[in-house]
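Trainee: One structure is given below, represented as structure tokens, and several questions about it will come after.
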Amino acid sequence: MKIGLVLFRKEILELIRNYKVIWMPAVFILFGLTEPLTAYYMPEILQSVGDLPEGTVISIPTPSSGEVFLSIISQFSTFGVLVIVLGFMGTVAGERKSGNAVLVLVKPVSYTSYIYSKWAAALVLVWFSYSLGMLSGYYYIHLLFDGINVGLFFKGFIVYGLWLTFILTLVIFFSSLSQSLGLTAFYTIGSTMLITFLSGYMTKTLKWSPGQLVNYIHELILQSQWDEALTETIILTMILSLIILLITPTLFKKKELS
């Protein structure tokens, strides 16, 4: 446990030194701010930049607070996920390629402590960045629109955060199996797209798939309805994340020894 805490502090310090603690929260905050502002000022933006005949009036229905919230989630599902993958794809793979992993593991450091310290530090930064992004979006939704129920916002926040946690776990898993940063990104993004596609295509068969979390958030926000399958989906996502996390040090050790 003591070694794990030392490694965790080392990882946090590394995140500070490479400025991830600055640019990653900044990116999430930018995404959180962009959607409410764009949705609110879209008519003025089109009026000012569009080459329209004089006297043309642009009438765009004002989106609801829930729709704006879901548009923020949509931004996180594309660019946010990409930021997480690009930010942490070299967490293990980069150190294996440079030889730094060997320098750490020749000391009395277990493979479990090595992997888990990296995952924990990355998780702290992801949730910190994600929280700032969502809170900035929440503030502007209340400032520019009707506002959104605090309880619904918190539930959607936790559920989607679980999806980001699952993706981060996949990043660390694939990063531990490859020395190539490109392959790590490819496998993670490919797996995420496959899970999302299959979940959307086979909604009944895979109703408990982690890829269904975003769909259930839509029902939760727009209809104020907690789908009966959402609880099972949350449990299964947590179990899958735990299983992946448990097998990662073992597979990483076999890879290193081979």
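Trainee: Counting only residues that are under 16 Å from THR169 (Cα atoms) and not in a helix (DSSP H, G or I), how many does region 88-123 have?
Mentor: Residues that pass the stated criteria total 4.
Trainee: Inside region 227-242, can you point out the residues that are without any contact (Cβ under 8 Å) to a residue 24 or more places away in the chain and of a type in the set (Val, Ile, Thr)?
Mentor: Once the filter is applied, which keeps residues that are without any contact (Cβ under 8 Å) to a residue 24 or more places away in the chain and of a type in the set (Val, Ile, Thr), region 227-242 yields THR231, ILE235, ILE239.
Here is a yes/no grid of residues against (1) over 30 Å from LEU143 (Cβ atoms); (2) of a type outside the set (A, V, I, L, M, F, W, C); (3) modelled with pLDDT under 80; (4) crowded, with 17+ Cβ neighbours inside 10 Å:
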{"position": "LEU5", "(1), (2), (3), (4)": "yes, no, no, no"}
{"position": "PHE8", "(1), (2), (3), (4)": "yes, no, no, yes"}
{"position": "ARG17", "(1), (2), (3), (4)": "yes, yes, no, no"}
{"position": "TRP23", "(1), (2), (3), (4)": "no, no, no, no"}
{"position": "ILE29", "(1), (2), (3), (4)": "no, no, no, yes"}
{"position": "GLU35", "(1), (2), (3), (4)": "no, yes, no, yes"}
{"position": "MET42", "(1), (2), (3), (4)": "no, no, yes, no"}
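Trainee: Right, next: Go through (1) without any contact (Cβ under 8 Å) to a residue 24 or more places away in the chain; (2) crowded, with 17+ Cβ neighbours inside 10 Å and name the single condition GLY99 misses.
Mentor: Single failed check for GLY99: (2).
Trainee: Can you give me the number of residues within region 158-176 that are surrounded by fewer than 19 Cβ atoms within 10 Å (Cβ to Cβ) and over 17 Å from VAL81 (Cα atoms)?
Mentor: 0
Trainee: Among the candidates SER191, SER180, SER224, which residue alone is of a type in the set (S, T, N, Q), free of Cβ contacts under 8 Å to residues at least 24 places away in the same chain and surrounded by fewer than 20 Cβ atoms within 10 Å (Cβ to Cβ)?
Mentor: Matching residue, one of SER191, SER180, SER224: SER191.
Trainee: Determine which single condition LYS155 fails, assuming it passes every other condition in (1) of a type in the set (Lys, Arg); (2) surrounded by fewer than 15 Cβ atoms within 10 Å (Cβ to Cβ); (3) assigned to a helix (DSSP H, G or I).
Mentor: (2)
Rundown of residues vs (1) part of a helix (DSSP H, G or I); (2) hydrophobic (A, V, I, L, M, F, W, C); (3) under 16 Å from the mean Cα position of the chain (by Cα), yes/no style:
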position: SER175; (1), (2), (3): yes, no, no
position: THR192; (1), (2), (3): yes, no, yes
position: THR196; (1), (2), (3): yes, no, yes
position: GLY211; (1), (2), (3): yes, no, yes
position: LEU242; (1), (2), (3): yes, yes, no
position: LYS254; (1), (2), (3): yes, no, no
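The values are calculated or read from the model by the stated rules, or taken from the named source; none is laboratory data. What you see is a predicted model; the values in this text were computed from it and never measured. All Cβ positions, even for glycine, are placed from backbone atoms using ideal geometry, and neighbour counts span all protein chains on display.
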